[in-house]
Amino acid sequence: MTNADVARVFDEIADILEIKGADGFRVNSYRRVARQIDDLASDINEVAARGELAKLPGVGKSSAEKINELLETGELKMRGELLAEVPESLLELLKVPGLGPKKVALLWRERSINSLGDLKQAIEGGKLADLKGFGKKSIEQMSHGIAFLESSAGRRRLGTAWAVGTRLRELVEAMPGVRRVEHAGSLRRGCETVGDLDLLCVADDAEGTIKAFTELEDVTQVLAAGGTKGSILYQYRPRRSMQVDLRIVSEESFGAAWQYFTGSKEHNVRLRELAVKRGWSLNEYGLTEGELVIASRTEEEIYAALDLPCPPPEFREDRFEFDLKEIPTDLITREHIRGDLHMHTVASDGVNTIEEMARAAKKLGYEYICVTDHSASSAIANGLSADRLSKQIEEIHAINKRLKGVTVWAGSEVDILAGGKLDFPDELLAELDFAIASIHYGMGSDIKENTQRTLEAMQSPYINVIGHPTGRLLTRRDAMPLDIEAVAKEAARTGTALEMNSSHHRLDLKDQHARLARDCGAMICINTDAHATDQFEEIRFGIVTARRGGLLKGDVVNTQTAAQIRKFVERKRSG
DNA sequence: GCCGTTTTCGGCCCGACTGTTTTCAGTCG
């Protein structure tokens, strides 16, 4: 069982307990365990094997026993018992906006509604009319909720959310009397996927702004419209919409509101606990002691009052930020990046020429790029044969002679074949300035095989980076099973970097894995894997993910100068 | 169910919006 599998079971138990009306704090403790395991960088099986489950925060004796039982038998007695009482299909009802555990329980007990299908039928058949708490409007909202769930379930990738969020922010900024608009929520924290967008706004006319917001073009539904909060479904392209929340706050309490609505929920819970311990209270209006406002105008003031450094939004997940005495000053930023070392051109499956890529990079102020088209085995991507690669190397040398201001390196994204063998012979790889090795096929193997294959590729003196190490495609394909710790340790030993692939489809390594890799001594290379010049911009997503993992300038290969990177390559080649 | 510089019991974070239950519970973030 993977971490995600175990986490899912604990979340499911929490859902069922909630429907059963169990104590909320007990429910929460199951949720906390689920999140803890989901966030864990290391394999839960290994933590269990070391007998260290109960050392995880929020995991006590009882949860540790349940995790062990799950890992050993693949099942959980308690889960079976609960599902004997509460049908599993009931859980999908919780996903309907506006339906919580209490109402789901009522639907089930009073009307024998067990599933989404049952609910749809009941609504159409008018069977809910006389059910307590289900008025005409509630039922209407539920219908919309089901339609929304069916048409656009799930979270959006960071890149999509960023584009939609930027558009919405501009629209609100243009409204009369609006003085400030900021992103909050998971978009501001740079999460790899975003559920809904949160905008925070200072405006002269709160109600007028909410009204204008709910009347924007492409609003398909107004979920809420009060004096300080508006909530809409915004259609950003046909059949695709996102929920967007707008809150109007005062200048005086902007910091408190920004902190509050940026979250995460878990981070805020911890912060409020710290406030309560001092006899204070923290909400979206400020940090207060009775009537006295201690801090509210800026986030910095609030954290400072609690004797904490103000963590960058990317840190606020209640993972490590509360242990920090100070925030590192050399946390990775886009300004640190001197070049991009993974990109494709028309030679394989890209859309721009080498020269076009080079000129675009120069415009961004990059000192160097490395052209890394696919190798022959990636036939579907028009991978280069040995012969074509040789010619491309010559072409690059010629381009470097006439193009000033940016250095183009000859590279390759070499396929790692079954067993860890590389797609090009050493003699050819030796001609390259820099090389990435990636797995593109056969990711269905088990953790041992995948790991071994990756370790083997790193043994080559000519491989400088392992590209998109886990092969995941966000919202489409799970990461392949891989022993990140073993890979990172070997990367550190061999002088091979691990990639932080910035494509918003990948973000691979993910934040926690990048942190683990760094802690194991591995270098990280933040690349875009651009297939077109405009995709260089996606570096922002890799940077934000690296920041979430706490990576510093010194942890990242391509913050170095061209000369330093040549040394990095030479060191590995000379053993 | 978890947890402890108020430690083995008794707490456990806070407010807006909605619909409908005429005074508030449920949901959401």
For region A:108-150, give me each residue that is over 15 Å from A:G98 (Cβ atoms) and within 13 Å of DNA strand B (Cβ to nearest atom). A:W108, A:R109, A:E110, A:A129, A:D130, A:K132
State the number of residues belonging to region A:151-171 that are within 16 Å of DNA strand B (Cβ to nearest atom) and surrounded by 15 or more Cβ atoms within 10 Å (Cβ to Cβ). 7
For region A:34-55, check the following and say yes or no: at least one residue is of a type in the set (D, E, K, R), near DNA strand B (Cβ under 7 Å from one of its atoms), surrounded by fewer than 20 Cβ atoms within 10 Å (Cβ to Cβ) and without any contact (Cβ under 8 Å) to a residue 12 or more places away in the chain. no
For the list (1) touching a helix residue (DSSP H, G or I) at 6+ places or on another chain (Cβ under 9 Å); (2) more than 10 Å from DNA strand B (Cβ to nearest atom); (3) farther than 14 Å from A:V181 by Cα, I need the number of the one condition that A:P238 fails. (1)
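Per-residue answers, yes or no, for (1) assigned to a loop (DSSP other than H, G, I, E, B); (2) hydrophobic (A, V, I, L, M, F, W, C); (3) in contact (Cβ under 8 Å) with a residue 40 or more places away in the chain; (4) under 16 Å from A:R547 (Cβ atoms):
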| site | (1), (2), (3), (4) |
| --- | --- |
| A:E251 | yes, no, yes, no |
| A:Q259 | no, no, yes, no |
| A:A275 | no, yes, no, no |
| A:G279 | yes, no, no, no |
| A:L282 | no, yes, no, no |
| A:T288 | no, no, no, no |
| A:E300 | no, no, yes, no |
| A:G350 | yes, no, yes, no |
Of the residues in region A:415-474, how many are assigned to a loop (DSSP other than H, G, I, E, B) and on the phi < 0 side of the Ramachandran plot? 27
Expected single match for outside any helix (DSSP H, G or I) and at pLDDT 95 or above among A:I526, A:I539 is A:I526
Any chance region A:68-76 includes a residue that's farther than 30 Å from A:R506 by Cα, buried (at least 16 other Cβ atoms within 10 Å of the Cβ) and in contact with a Phe, Trp or Tyr (Cβ under 8 Å, 6 or more places away or on another chain)? no
Assess whether A:A206 counts as being touching a helix residue (DSSP H, G or I) at 6+ places or on another chain (Cβ under 6 Å), closer than 24 Å to A:I248 by Cβ and in contact (Cβ under 8 Å) with a residue 40 or more places away in the chain. no
Answer yes if at least one residue in region A:184-201 is touching a Leu at 6+ places or on another chain (Cβ under 7 Å) and part of a helix (DSSP H, G or I), and no otherwise. yes
Identify all residues within region A:475-497 that are assigned to a loop (DSSP other than H, G, I, E, B), touching a residue at least 40 places away in the same chain (Cβ under 8 Å) and aliphatic (A, V, I, L, M); write none if there are none. A:M480
Quick one: which residue in A:E284, A:E273, A:E291 is more than 8 Å from DNA strand B (Cβ to nearest atom), over 25 Å from A:R540 (Cβ atoms) and surrounded by fewer than 22 Cβ atoms within 10 Å (Cβ to Cβ)? A:E291
Given the condition surrounded by 18 or more Cβ atoms within 10 Å (Cβ to Cβ), at pLDDT 90 or above and assigned to a loop (DSSP other than H, G, I, E, B), answer yes or no: does some residue in region A:7-29 qualify? no
Output the number of residues of region A:367-388 satisfying the condition of being part of a helix (DSSP H, G or I) and in contact with a Leu (Cβ under 8 Å, 6 or more places away or on another chain). 1
Can A:S231 be described as within 13 Å of DNA strand B (Cβ to nearest atom) and touching a Ser or Thr at 6+ places or on another chain (Cβ under 9 Å)? yes
Filter region A:217-228 for residues that are surrounded by fewer than 16 Cβ atoms within 10 Å (Cβ to Cβ) and more than 8 Å from DNA strand B (Cβ to nearest atom) and give the result. A:E217, A:D218, A:T220
Before we move on, is A:K391 of a type in the set (K, R) and either in a loop (DSSP other than H, G, I, E, B) or crowded, with 17+ Cβ neighbours inside 10 Å (or both)? no
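The values are calculated or read from the model by the stated rules, or taken from the named source; none is laboratory data. A quick note: this is a predicted structure, and the numbers were derived from the prediction, not measured. Note: ideal-geometry Cβ built from the backbone for every residue, glycine included; neighbour counts use all protein chains shown.
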